[in-house]
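Notes for the one structure printed next.
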Amino acid sequence: MTTPTAASAAYVDDSSSWDTLDLDPRLLQAIDQLGFEKPTLIQSHSIPLALEQKRDIIAKASTGSGKTGAYGIPIVQTILTNNDSVGIQSIVLVPTRELSNQVVQFFEKLTMYCKNDVKLLDLLANYSDQVISSLLGNKPDILVATPSKLISTLEKQNGGIDLSQVKIMAIDEVDLILSFGYLDDLRKLESYLPIKKNLQTFLMSATVNDDLQELKEKYCSKPAIVKLNDDVSQSKLTQYYTKTTEFDKFLLCYVIFKLNLIKGKALVFVNDIDRGYRLKLFLEQFGVRCCILNSELPVNSRLHIVEEFNKNVYNLLIATDETNDFTVENDEKDEAAEDEDDIQDKEENEGKKQPSRSKKSRKSAKRDKEYGVSRGIDFRNVACVLNFDLPVTSKAYIHRIGRTARAGKAGMALSFVLPQKEYGKHKVACLTTAKRDEKVLKRIIRQQSANGFELKPYQFDMKQVEGFRYRSEDAFRAVTATAIREARIKEIKNEIINSDKLKRFFEENPQDLIALRHDKELHPSRVQSHLKRVPDYLLPEAARSDVKNIGFIPFQKHKIHKNNRKRKNGGKKADPLKMKKR
Ligand SMILES: Nc1ncnc2c1ncn2[C@@H]1O[C@H](COP(=O)(O)OP(=O)(O)OP(=O)(O)O)[C@@H](O)[C@H]1O
């Protein structure tokens, strides 16, 4: 959280004030410095329950409603109150490295005036075991980790970490933690913690369901359930979907980004890594620059990309939402019962799912399990979330669209939906998850309307778009499987170089920062420079510079060129070496 922004007015509790919460002056000053004038609703409800009544808290509140502060402020306050306590007093568990980085930055801001009294250790910060040992020697008060990292550190340190004094444990994005398969780690953690003695627990998420039962029984006693409903009238998010075909997703993207139809930053979600590169390579040919974010990239690069995107260095980010891999079954379990059609579909799917899952797990062996960008990350000032590929669950949809219309800003979510009859028609542009798009859309609409939100259909003027088809097809053909594979390797190589030491060097030498950009061109095998320019005749009338005199714009270079060739070489192909000598 480098430049904190205000939470949406819809989430701020105007009837409350920080002064009533009896917080330490150092904490109050830090909150003031963060620019948080009043607590948000989730904060004004949770903080007194936690600090005055010492209750365990299960909180369900919308994305962007300030949940991090709702557990972060009580943690820091509790540590400041028990100033004489030694040892680790608090644990924050998060599902992904990206979120851990964000949470750590938030705690750093909260503790800016009490650094000596509240020490933080980020176990996901790529430290070696020896470094972790010595940092543990500094007696940190708060540990931030994923459940698996915490367990592996506890096991490696072999009794060197004492968690018996822990007073607060917060689990952020708890449902994602469960769907990431961290439940076993959480079970193991039980034996290290003073459960039901001293321990106060926060379970936080935007979506909470019955899967929480086991955790609730294990870690909470008489928890206060804080559920905040969205105030629909104040929401500044507009949601659209557009039914399209497999290839037209690419075509529409070209039109949207080349003609700057979105004012501001856009976050595009795709469902697998190759698709991210396919889209990047495709757009790149039109001179549309964008960065990629996926679990294959080194963690430092990922964090840097999010940071730079938040600083407005990049306008367009293509993120692979890999939570799809983990949540499909849970969501089906929750939702299929609601829809009889889905039960049949689920059975059908299960037969086919096995092979594709095992193939996927082989494929994703090298991916970082602790990666995730659709949830919890505070992407700043995102004007539009584009679901290039619809997520496979309505829950994932909520989290994706929660990346826009944050912090009081307006935002738009646009989802491309593939009608079932269109599925499989374009072999290369086809994606298996799209087979269920219509069903997922039905669920999304049902769920959003239950919360008072509306998803409106959006119709692109296809007559206008049609003119761009020829160029799109041409550019799409240039993005071969080999080009994608090479781009993937090239990007990883680039990012490994960008990572670590060089990153630090470039930060000290900003003039060389250009070498660090994450949106460099990766190039498909065939480079077609003419595609970068949009000829006037393709533009809508209002946008042309000289509407009346468009005339014919040849794709071939010039007549003179042709004539020259004919005259000088008798129609034969020119010898480039000879041409050079002249
Ligand atoms: N009291 C407050 N006043 C103003 N802004 C706030 C306040 N608390 C938090 N914010 C800001 O609101 C934004 C969202 O906060 P946060 O990331 O904690 O939300 P969240 O509920 O955890 O969202 P998500 O579920 O997506 O993680 C952040 O930019 C944060 O700086």
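The values are calculated or read from the model by the stated rules, or taken from the named source; none is laboratory data. Being a predicted model, the structure only gives us computed values, none of them experimental. Please note: Cβ atoms are built from the backbone with ideal geometry, for glycine as well, and neighbour counts cover all protein chains shown. Surface areas here come from the heavy atoms of the whole protein model, side chains and all, with no ligands, DNA or RNA. Shrake-Rupley method; radii C 1.70, N 1.55, O 1.52, S 1.80 Å.
If you take every DSSP beta bridge whose two residues both sit in segment 9-229, what share of them, in percent to the nearest 5, is antiparallel?
Percent antiparallel among DSSP bridges in segment 9-229 is about 5.
How much of the accessible area of segment 9-229, in percent, comes from carbon and sulfur atoms when a 1.4 Å probe is used?
C and S atoms contribute 44 percent here.
Taking the Cβ-Cβ separation of Lys156 and Glu307 as r and a Förster radius of 22 Å, what is the calculated FRET efficiency to the nearest 0.05?
0.15
Quick one: in segment 9-229, what % of C-alpha pairs are over 28 Å apart?
Tail fraction, whole percent: 22.
Given a Förster distance of 35 Å, report the FRET efficiency between Gln33 and Asn82 from their Cβ-Cβ distance, rounded to the nearest 0.05.
The formula returns an efficiency of 0.90 here.
Can you compute 3J(HN,Hα) from phi for each residue in segment 178-183, using the Karplus curve 6.51 cos²θ - 1.76 cosθ + 1.60 with θ = phi - 60°, rounded to whole Hz and x for Gly and Pro?
Per residue, the Karplus-derived 3J(HN,Hα) values read 5, 6, 7, x, 8, 4 Hz.
State the Cα centre-to-centre distance between segment 144-222 and segment 405-483 in whole Å.
38 Å
Subtracting the Cα-Cα distance from 0.36 nm times the residue separation, let me have the gained length for Lys490 to Glu217 in nm, one decimal.
93.5 nm
Can you give the accessible area of Ile484 in Å² (nearest 10), computed on protein heavy atoms with a 1.4 Å probe?
Estimated to the nearest 10 Å², Ile484 gives 10 Å².
Using amide H atoms built in the peptide plane, which far-off residues or other-chain residues are under 5 Å from Val382 H to H?
Ala405, Arg406
Just the accessible area per residue of segment 9-229, please: how many Å² with a 1.4 Å probe?
Using a 1.4 Å probe on heavy atoms only, each residue of segment 9-229 averages 40 Å².
Within segment 139-169, list the residues whose amide N lies under 15 Å from a label point set 7 Å along Cα→Cβ of Lys188.
145-161
How large is ³J(HN,Hα) for each residue in segment 274-291, as worked out from phi by the Karplus curve 6.51 cos²θ - 1.76 cosθ + 1.60 (θ = phi - 60°), to whole Hz, x for Gly and Pro?
Computed from phi, the couplings for segment 274-291 are 4, 5, x, 5, 4, 5, 5, 4, 5, 5, 4, 5, 9, x, 8, 8, 7, 10 Hz.
Can you tell which of Phe107, Leu135, Leu163 lies farthest toward the positive end of the dipole of segment 9-229, using +1 and -1 charges on the Cβ of basic and acidic side chains (Lys, Arg; Asp, Glu)?
Working it through, the farthest residue towards the positive pole turns out to be Leu163.
What value does segment 90-156 have for Rg/Rh, both radii from Cα atoms and Rh as Kirkwood defines it?
Across segment 90-156, the Cα-based Rg/Rh ratio is 0.94.
For a protection proxy built on the mean count of beta-carbon atoms within 10 angstrom, sort 271-279, 199-207, 53-61, 474-482 highest first, please.
Order by mean packing, descending: 199-207, 271-279, 53-61, 474-482.
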